[in-house]
Amino acid sequence: MIEQDTIKLLRECDAGVKMGVKSIDETLDYVQNNDLKQNLSDCKAKHEELQDEIQTSLAKYHDDGKEPSMMAKGMSWMKTNVKLTADESDQTVADLITDGCNMGVKTLNKYLNQYEAADENSKDIAKRLINIEQDLAMNIRSFL
């Protein structure tokens, strides 16, 4: 049970961190304010660092991880492109990223509760990813 929950939690963290990186990549070219751009770039780097750690942990279980669902990726892409086509402002980027962070925090907390038998290392990874998302949402509030 511990190993199964650990793998499942790590897979969800893997999908979440990939979704975060993709969302930041989709919006970075639209950012005009240097502080917002720096916040997003720093957060992307933290996601990528954590992604490496997740991959290392998954490799111990001979698991390749998980891609975000096609539905989630498609909905995110559509929402991002529709909103940014209508309004290419820093406010729109901050709004989109904040929504994504909030969704990530909600989803990861759900999986933390669902996979309660996961080992402490994978729980720590999930909690750190949650903190990264919460910090970004807070750091970009001034751009909303």
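Checking GLU3 against (1) among the acidic types (Asp, Glu); (2) more than 26 Å from LEU144 (Cα to Cα); (3) open to solvent by 40 Å² or more (accessible area, probe 1.4 Å); (4) under 15 Å from the mean Cα position of the chain (by Cα): exactly one of these is not met. Which one? So GLU3 meets the others, but not (4). For the range 127-144, the tally of residues that are open to solvent by 40 Å² or more (accessible area, probe 1.4 Å), aliphatic (A, V, I, L, M) and in contact (Cβ under 8 Å) with a residue 24 or more places away in the chain stands at 1. Hey, can you tell me all the residues within the range 102-128 that are under 22 Å from PHE143 (Cα atoms) and touching a Gly at 6+ places or on another chain (Cβ under 8 Å)? Within the range 102-128, GLY104 is the sole residue that qualifies. Scan the range 23-43 for residues that are buried (at least 18 other Cβ atoms within 10 Å of the Cβ) and either within 14 Å of LEU10 (Cα to Cα) or among the basic types (Lys, Arg) (or both) and the total you get is 0. Is it the case that the range 76-88 has a residue that's open to solvent by 20 Å² or more (accessible area, probe 1.4 Å), within 20 Å of ASP14 (Cα to Cα) and free of Cβ contacts under 8 Å to residues at least 60 places away in the same chain? Scanning the range 76-88 turns up at least one residue that is open to solvent by 20 Å² or more (accessible area, probe 1.4 Å), within 20 Å of ASP14 (Cα to Cα) and free of Cβ contacts under 8 Å to residues at least 60 places away in the same chain.
Counting only residues that are closer than 17 Å to LEU58 by Cα, open to solvent by 20 Å² or more (accessible area, probe 1.4 Å) and in contact (Cβ under 8 Å) with a residue 12 or more places away in the chain, the range 100-126 holds 7 of them.
The values are calculated or read from the model by the stated rules, or taken from the named source; none is laboratory data. Model, not experiment: these values are computed from the prediction. All Cβ positions, glycine included, derive from the backbone under ideal geometry; neighbour counts span all protein chains shown. Heavy atoms of the whole protein, side chains included, go into the accessibility calculation; ligands, DNA and RNA do not. Shrake-Rupley method; radii C 1.70, N 1.55, O 1.52, S 1.80 Å.
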